[in-house]
Amino acid sequence: MGDEVGRQDLMSKPEQKTTHFGFTTVPEAEKAGKVQGVFTNVASKYDIMNDVMSMGIHRVWKDAMMDWLAPRPGQKLLDVAGGTGDISFRFINRAGRAHATVLDITESMLVEGRKRAEADNLASSLDWTVGDAMSLPFEDNTFDVYTISFGIRNVTRPQEALNEAFRVLKPGGRLMVLEFSHIPNDGMQWLYDRYSFNVIPEMGKLIAGDRDSYQYLVESIRNFPDQDTFLDMVKKAGFGNAKFRNLSLGIAALHSGWKI
């Protein structure tokens, strides 16, 4: 009888879903908090570390993103995981007259972004919202453009984030994702991994005083789907004319799609 009750108890307990936090497996419910902790720790040094880690190439990638996106006057941008506003500032400057809503799960990142906006006299063109990419606090068909730059790999369920992107975009709206990806050459990928795992965490320790956060960021890159797999996810969310472009041999990639 006791054994039977024990079996029933085991059967009645719902299976706990897990996900990756870097190379560590964690319950899905814990990932967002852990990611928030990482970016709270690095917020004040985030922009400096981007320059150091990529040797400034992240700026070239973001400019390539704007070239393909071709912002137009009057557009409304939703910049998810927008952090300190780097993409939004570029978008507004390219468009000449536009409005951007920066959404991020980590308030301290948004605080740093507000400081930059005020310094650049862009505060009136920007809103800052604390929120979750998987459950956006916006109505359907609200935005002309949705961007997420180096953020979707930190989302617990990226497919849900893409589904939400489709929901909040207006018909004819554009999705653009910039993310680290995979070099389609094993030898070059091996060399890049050696740099990533041996150098970047030590840079994080030296410049930001936080080795562990940058160790996670490197591990999260390796766990992210390759270009073709992620393209299939974009299509699954409903986007048409979906394509990708490799940047710097595939170290990063741009994925684009339209709400047709």
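Bear in mind that the values in this text are calculations on the coordinates, not laboratory data. Computed from a predicted model, the values in this text were never measured in an experiment. Cβ placement follows ideal geometry from the backbone for every residue including glycine, while neighbour counts extend to all protein chains displayed.
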For the residue pair ASN185 and THR142, what label-to-label distance in nm results when each label sits 7 Å from Cα along the Cα-to-beta-carbon direction?
4.3 nm
I need VAL102, VAL52 ordered by Cβ neighbour count within 10 Å, fewest first.
VAL52, VAL102
Taking K and R as +1 and D and E as -1, what net charge do the other residues with C-beta under 12 Å from the C-beta of LEU78 add up to?
-2
Which peptide among 183-192, 148-157 comes first, and what is the full order, when sorted by highest mean count of other Cβ atoms within 10 Å?
148-157, 183-192
Can you grab the distance from the C-alpha centre of the stretch 99-143 to the C-alpha centre of the stretch 165-210, Å, no decimals?
22 Å
Taking only the Cα atoms of the stretch 74-162, how large is their convex hull per residue, in Å³?
85 Å³
Can you work out the FRET efficiency for the pair THR25 and MET203, with r the C-beta to C-beta distance and R0 = 22 Å, to the nearest 0.05?
0.25
Interchain or long-range residues, amide H under 5 Å from GLY173's placed H:
LYS259
What is the spread of the Cα atoms of the stretch 132-260 along each of their three principal axes, largest first, in whole Å?
45, 32, 19
Coordinate range along principal axes, alpha carbons of the stretch 160-200, Å, largest first:
43, 20, 14
What do you get for Rg/Rh of the stretch 37-258 when both radii come from the Cα atoms and Rh is the Kirkwood radius?
0.94
Which order results if SER213, SER124, SER54 are arranged by neighbouring Cβ count within 10 Å, fewest first?
SER124, SER54, SER213
